[in-house]
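All remarks here apply to the structure that follows.
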Amino acid sequence: MKTTVRRFYLFLFVLAISLLLSLGTASTGRAQDESADIQQQMTPEQFRAAGLQKLTPEELTKLNRWLQGYRDQAVQKAEKKAAVREERAKLQLIVSRIDGVWNGITPGEVIQLEDGSKWKLSNKDEHYGGHADHPAVAVYKAGFFGWKMRVSRIAEFYVTPVH
């Protein structure tokens with residue numbers, strides 16, 4: 001009995017590894033196939049080579065349920081990473097206006113833009129003056145140095161996003 005249990009867990013491990021590898025190369029066009037049972041995803045030769053024909057129907061059902069849950073988690077994780085990457089790509093350049101009147105900026109003060117994003121001065125020893133009503137603003141990624149904000153005809157300085 002112990003040998004059978006060990007084999008079962010070994011097969012689960014091997015299947016999990018192969019599933020991880022296949023998820024890395026699988027396209028979204030295979031989404032319908034990924035919801036299929038393991039015996040439908042594998043060729044009969046692969047199924048036998050993995051020793052899965054030895055599983056009882058109950059064990060096979062449990063394995064299929066586990067794999068489906070694992071697939072769902074992997075898909076959710078991949079979708080979340082893609083959304084974060086997309087959001088970062090969007091944030092390479094923001095063009096907006098200051099939501100209100102610009103009367104300068106001092107350390108700790110938050111700058112609210114009309115697009116809803118909020119920024120604050122990065123360098124706590126700096127301050128900038130000037131006056132403008134809803135001036136145009138460009139916020140862009142300044143390489144390794146962080147984000148820079150350019151307030152139309154007034155100032156340019158480093159900022160950090162406020163979440």
> Considering only DSSP states other than H, G, I, E and B, which trypsin sites (Lys or Arg not before Pro) in region 69-163 qualify as loop sites with at most 12 other Cβ atoms within 10 Å?
Replying inline: 124, 153
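Name the GluC sites (Glu not before Pro) in region 102-163 that are in a loop by DSSP and that have at most 16 other C-beta atoms within 10 Å, would you?
109, 114, 126
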> Which of rounded, prolate, oblate describes region 57-163, given a ≥ b ≥ c as roots of the alpha-carbon gyration tensor eigenvalues and a/c under 1.5 marking rounded, otherwise prolate only if a/b is larger than b/c?
Replying inline: prolate
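Among 118/148; 124/148; 118/141; 77/118; 81/141, which pairs are too far apart, with a Cα-Cα distance over 23 Å? Walk me through the numbers before you get to the answer.
On the way: 118/148 13 Å; 124/148 15 Å; 118/141 15 Å; 77/118 27 Å; 81/141 20 Å.
Over 23 Å Cα-Cα: 77/118.
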> Dipole magnitude of region 72-157 about its Cα centre, charges +1 at Lys/Arg Cβ and -1 at Asp/Glu Cβ only, in debye to the nearest 20?
Replying inline: 340
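None of the figures in this text is laboratory data; all of them are computed from the coordinates on show. On a predicted model such as this, the values are computed, not experimentally measured, just so you know. Glycine also receives a Cβ, built like all others from the backbone with ideal geometry; neighbour counts cover every protein chain displayed.
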